[in-house]
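The values are calculated or read from the model by the stated rules, or taken from the named source; none is laboratory data. Computed from a predicted structure; not experimentally measured. Cβ placement follows ideal geometry from the backbone for every residue including glycine, while neighbour counts extend to all protein chains displayed.
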Amino acid sequence: MKIVLKQVNLLNPEQKLNLKCDLFIEDGVIRKIGDLKPEDLKSSKVYEFENKYCVPGFVDMHVHLREPGREDEETVVTGCNSAAAGGFTAVASMPNTNPDTDSAEIVRFIKEKAKDHLVDVFPIAAASLGRKGEALAPMYELYEAGAVGFSDDGVAIKSSLVLRHAMEYAKMFDAPIIEHCEDESLADGVMNESVTSTILGLPAIPNVAEDLIVIRDIMLAEFTGAKVHIAHISSKNAVELVRQAKKKGINVTAEVTPHHFTLTDETVKTFDTNYKMNPPLRTRADVDAMIVGLKDGTIDCIASDHAPHSIEEKEMEFIYAPNGIIGLETTLGIALSDLVHKKHLTIEQLVEKLSINPRKILNIPQVIIKEGEIANLTFFDPEQIWTVDITKFKSKSKNSPFDKRLLTGKSVAVINKKKMYFEDKFFDI
Ligand code: DOR
């Protein structure tokens with residue numbers, strides 16, 4: 001099949017590419033970049049993509065697919081459908097499945113489930129058995145089965161000794177340790193510790209619970225020379241710790257979620273459990289620090305922490321509800337609305353945070369937009385105004401605090417593995 005995307009803005013900061021022209025794709029491969037003649041268009045399906053951007057396929061490096069174990073909340077396939085709808089051609093899946101992703105069988109099972117999907121799934125395996133932080137998972141076996149990183153996400157790697165060993169192993173194959181930074185003994189709460197938690201009388205988690213693990217991990221990364229990636233950073237001081245560590249040349253990177261760069265803990269006053277997540281929403285000063293960190297490059301990536309939960313479980317009293325919200329279908333719209341349109345980031349920087357940097361951190365080959373290369377592309381319209389409607393989500397779960405929000409900027413199509421997703425449908429190209 002031949003397709004032509006007319007007058008699209010091709011953008012890839014990694015290649016210093018910024019060009020408005022036609023793009024001709026045949027059998028999933030980029031055949032021609034440049035304005036096409038009318039006869040070239042004859043046997044092709046033509047898409048009028050003027051004012052749309054075409055960029056290397058976006059990667060969401062922090063997604064919970066819930067399979068195996070909670071297929072009522074999400075499966076590998078429904079999570080991938082949600083990713084495609086949100087503009088992603090790849091996701092990294094977190095290991096807090098049931099059973100945990102701590103064996104090569106589970107890594108292979110997840111990869112097998114995703115193999116025919118447009119969206120690539122890169123499993124992140126548990127660093128410790130059962131994510132208990134007591135004994136190392138079989139890291140090399142997991143790596144050979146396809147794991148691209150190691151994390152006990154949901155919790156921090158409990159023992160510093162286990163973390164040290166995990167780092168030493170991960171370094172041998174250049175994989176990152178992806179840390180959920182939270183000191184368990186300080187984190188016995190359901191929201192951020194602040195004036196708001198005092199007013200609401202809810203048990204709370206102070207920023208320092210995050211900062212302590214960030215500093216521990218930075219010090220151990222310096223000691224071992226391994227790569228550490230700080231997942232869902234949320235505290236102001238943690239951003240500063242990462243900034244200083246980068247200045248010293250320590251191998252540390254960080255990601256932030258759309259909820260942590262837009263929402264504050266004041267939202268918890270509604271007692272809506274879609275404002276309950278881990279780490280918790282913090283204060284305005286923390287949110288502002290996330291934006292500064294994104295701008296100056298301290299924070300490398302934007303990742304959704306897509307965490308599906310069933311309606312029955314989420315609709316409980318605030319203290320009992322599980323942590324987490326879905327995000328695959330809103331991340332791009334929020335990033336464009338709140339970062340690009342508010343002039344905090346350029347579109348080039350956004351592409352770095354959603355495509356180039358996650359690939360660098362996870363050692364996934366970069367996508368090149370060039371004749372002869374496989375088409376792995378995201379197309380988005382930065383000006384499309386739309387209203388979030390959870391009933392239209394492809395995700396099996398609906399737990400989003402962004403329902404009914406007006407956003408500016410939306411994914412239009414994705415292409416990968418000789419498949420295209422456009423106007424709610426997948427088809428082979
Ligand atoms: O809010 C969260 N939800 N934070 C986590 O670390 C885990 C996640 C989940 O799996 O639901």
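Tally the residues that are β-branched (Val, Ile, Thr) and free of Cβ contacts under 8 Å to residues at least 60 places away in the same chain, restricting the search to the stretch 226-257. Of the residues in that region, 5 qualify.
Any residue at all in the stretch 86-97 that's in contact (Cβ under 8 Å) with a residue 40 or more places away in the chain, closer than 16 Å to Gly327 by Cα and surrounded by fewer than 24 Cβ atoms within 10 Å (Cβ to Cβ)?
Within the stretch 86-97 (the criterion being in contact (Cβ under 8 Å) with a residue 40 or more places away in the chain, closer than 16 Å to Gly327 by Cα and surrounded by fewer than 24 Cβ atoms within 10 Å (Cβ to Cβ)), the answer is no, since none of the residues qualifies.
Annotation note: of Gly57, Gly28, the sole residue that is away from the ligand (no atom under 16 Å from the Cβ), of a type outside the set (S, T, N, Q) and in contact with a Leu (Cβ under 8 Å, 6 or more places away or on another chain) is Gly57.
Restricting to the stretch 245-276, name every residue that is hydroxyl-bearing (Ser, Thr, Tyr) and part of a strand (DSSP E or B). Please lay out each step first, then the result.
Of the stretch 245-276, the ones hydroxyl-bearing (Ser, Thr, Tyr) are 253, 257, 262, 264, 267, 270, 273, 275.
Selection gives Thr253 alone.
Filter the stretch 200-225 for residues that are without any contact (Cβ under 8 Å) to a residue 60 or more places away in the chain, away from the ligand (no atom under 16 Å from the Cβ) and either over 12 Å from Leu281 (Cα atoms) or among the β-branched types (Val, Ile, Thr) (or both) and give the result. Gly201, Val208, Asp211, Leu212, Ile215, Arg216, Ile218, Met219, Ala221, Glu222, Phe223, Gly225 - these are the residues of the stretch 200-225 that are without any contact (Cβ under 8 Å) to a residue 60 or more places away in the chain, away from the ligand (no atom under 16 Å from the Cβ) and either over 12 Å from Leu281 (Cα atoms) or among the β-branched types (Val, Ile, Thr) (or both).
Only residues that are farther than 22 Å from Leu350 by Cβ and not basic (Lys, Arg): list them for the stretch 282-309, please.
Listed by number, the residues that qualify are Thr283, Ala285, Ala307, Pro308, His309.
For residues that are more than 10 Å from Thr273 (Cβ to Cβ) and within 14 Å of the ligand (Cβ to nearest atom), scanning just the stretch 325-343, find the one that is surrounded by the fewest Cβ atoms within 10 Å (Cβ to Cβ). Only one residue fits best here, namely Leu328.
Whenever a residue of the stretch 300-329 is aromatic (Phe, Trp, Tyr), its partners that are modelled with pLDDT of 95 or more and surrounded by 16 or more Cβ atoms within 10 Å (Cβ to Cβ), lying with C-beta atoms within less than 6 angstrom and at least six residues away or across chains, give the pairs Phe318/Thr273.
Have a look at Asp40, Asp60 and point out the one that is touching a strand residue (DSSP E or B) at 6+ places or on another chain (Cβ under 8 Å) and modelled with pLDDT under 95.
Asp40
Here Glu312 passes the criteria (1) among the acidic types (Asp, Glu); (2) within 21 Å of the chain's Cα centre (by Cα); (3) surrounded by fewer than 17 Cβ atoms within 10 Å (Cβ to Cβ) except the one numbered (2).
Screening Lys246 against (1) in contact with a strand residue (DSSP E or B) (Cβ under 9 Å, 6 or more places away or on another chain); (2) within 16 Å of the ligand (Cβ to nearest atom) leaves a single unmet condition, (2). Considering only the stretch 162-181, I want to know if a residue exists there that is in a helix (DSSP H, G or I), at pLDDT 95 or above, within 15 Å of the ligand (Cβ to nearest atom) and of a type in the set (Asp, Glu). No, every residue in the stretch 162-181 fails to be in a helix (DSSP H, G or I), at pLDDT 95 or above, within 15 Å of the ligand (Cβ to nearest atom) and of a type in the set (Asp, Glu). All but one of (1) away from the ligand (no atom under 15 Å from the Cβ); (2) buried (at least 24 other Cβ atoms within 10 Å of the Cβ) hold for Lys269; state the number of the condition that does not hold. Answer for Lys269: the failing condition is (2).
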